[in-house]
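The structure under discussion appears below in the form of structure tokens.
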Amino acid sequence: MNYKLELQKIRIKINQEKDGGLKKKLINQAIEIADKYKDLYEGLDFRYLLMDGEVDPDNRIAILKDSIRLSDFENNLEESFDLRLQLIQEEINTSHCTDSFSAIAWLLETVDSHPDLFSEEELLWEYKWLATSAINNADISFEQIQEIHNDLKNRLERNGYGLGAYYVPKIEWLESIGDIQGALQILNERDSYGRDGMSDCEACELNKKIKIKLIAGKYDSAIADANEMLSKGISCNEVPFDTFCNLAYHLNKIKDPRAEEYFKKGLNEFNNDFESSFITGISKLINYASYANDQLALNLYEKYAHWQLNSEDGVNFEVSLNFLNLFKENREIKLTKLNPSIPFYKSDGIYMSSDLYDYYVNIANELADKFDKRNRTDRFRNLLNKELTSY
């Protein structure tokens, strides 16, 4: 059999096929043939076609992992490098960071071993994101986080960059350990230092400043920054949605009536492009609605709760925390649209709120202990206790 000719025929059928399901079947058929004849480039090319028709980030990640396996088996260093970069970029749009740590470790080792083939600068942006994501993984030790941050700083300086990117995980770390005054100080240093090519976008930088100010109790200053953001039209993928969520959440905790305005603005930002990385902000709106509009809170919860599954530890803790108020009173609730992937899913859609409360408080308790032990503080336990006593 001339497999090349067979693949060419299938490719023609793929291009002509309008039905998505049948097209996917044809692509998988082509992949099987390419793999059987150990044709790396045809196998990868058809996998890219499979990705083009896939909108779910987790499914795209699965295809990339399969492509990496194939490329590694064929010892194709260049393809393996590019594929791992793509995998990290895909995971950025999710609530989890499952495969990116091993991918960046491989990339860094490969860059260091083959400086003549690969540019270290090419992966610094992804490394910055993972240096921040490491903080949200309770299994990464205190010492490892310091090593990652120092290594990032050294690599940035070696490639002609300043502290713009280094400030991103630095501020995240100070927030994680509860040193909010330290975070405010670093924010001032960051703003005085100025931006460079590895800094976060202007919207993300301003959003982070607003969040830290809200945690610090500087509510009017945070609102002033938010107004500046809106007046200048500063935005990005998650901003101003995330900003509205933070404002609604924190202002509601002090019973500031301005919270309602930002809650409504947050709801108005919802669109079909949202991905699981938005779950933290959504959970803050659910927390607000659990005080003001219980049914709306339940509607949002059953639509988005499954986005928490397999999320980073920091996301898992915060989302669990934000769900507690919704289930604090023991009652029967009906959730007919809950995703079946939820561990406590019931086909009849009838739940006792106490069961859901126990599920989330157990997650929060376990992660509070892990983070505080790692961080050598009691910040996470204090956050949990504050939420439990705010009812």
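Of note:
- Once you reduce the stretch 250-299 and the stretch 157-201 to the center of their Cα atoms, the two points are 28 Å from each other.
- Per DSSP, loop chymotrypsin sites (Phe, Trp or Tyr not before Pro) in the stretch 1-79 with at most 15 further Cβ within 10 Å: TYR37
- Lysine pairs with alpha-carbon atoms under 23 Å apart, the stretch 274-391, spacing 8 or more or separate chains: 17
- Estimated from helices alone, the mean residue ellipticity of the chain at 222 nm is -21500 deg cm²/dmol (sum of -39500 (n - 2.57) over DSSP H runs with n ≥ 4, per residue).
- Fewest-first ranking of TRP125, TRP173, using other Cβ atoms within 10 Å as the exposure measure: TRP125, TRP173
- Overall Cα dimensions of the stretch 274-391 - principal axes, largest extent first, Å: 44, 29, 22
- Contact order normalised by residue count of the chain, Cα under 8 Å, 6+ apart, percent: 11
- Note on the chain: dipole from Cβ charges, positive end direction compared against LEU296, LEU156, ILE31; the farthest Cα belongs to LEU296.
- Simple Cβ-charge dipole of the chain, Lys/Arg +1 and Asp/Glu -1, about Cα centre, in debye nearest 20: 1140
- Loop-located GluC sites (Glu not before Pro) in the stretch 249-317 (DSSP state other than H, G, I, E, B) with a sparse environment of at most 15 neighbouring Cβ atoms within 10 Å are absent.
- Among HIS114, HIS306, HIS250, sorting on how many other beta-carbon atoms sit within 10 Å of each Cβ, with the fewest leading, yields HIS114, HIS306, HIS250.
- Calculated diffusion of the stretch 201-255, Stokes-Einstein form, Kirkwood radius summed over Cα pairs, 25 °C and 0.890 mPa s, µm²/s: 226
- When the stretch 188-271 is described by a simple charge dipole with +1 on each Lys and Arg Cβ and -1 on each Asp and Glu Cβ, the residue from MET229, GLY266, CYS204 located farthest towards its positive end is GLY266.
- Computed from the alpha carbon positions, the gyration tensor of the chain leads to an equivalent ellipsoid with semi-axes of 38, 29, 19 Å, biggest first.
- Sorted from longest to shortest, the spans of the Cα atoms of the stretch 1-148 along the three principal axes equal 56, 34, 22 Å.
- Residue-span extension gain [ALA292 to LYS253] - 0.36 nm each, minus C-alpha spacing: 12.8 nm
- ASP256 long-range amide H proximity, modeled H, under 5 Å: none
- Over the Cα atoms of the stretch 108-222, the radius of gyration divided by the Kirkwood radius equals 1.00; this is the Rg/Rh ratio.
- J(HN,Hα) series, the stretch 227-234, from Karplus relation 6.51 cos²θ - 1.76 cosθ + 1.60, nearest Hz, glycine and proline x: 5, 5, 4, 5, 5, 8, x, 7
- Between the stretch 15-45 and the stretch 117-134, the alpha-carbon center distance in angstrom: 32
- In the chain, a dipole from Cβ-located charges (positive for Lys and Arg, negative for Asp and Glu) runs towards its positive end, and of GLY194, ALA368, GLY349 it is GLY349 whose Cα lies farthest in that direction.
- Computed over the stretch 289-355, Kirkwood Rh from alpha-carbon pairs, angstrom: 12.4
Every number here is computed from the coordinates shown, using simple stated rules; none is lab data. None of these values were measured; they are calculated from a predicted model. Every residue, glycine among them, receives a Cβ derived from its backbone with ideal geometry; neighbour counts consider all protein chains shown.
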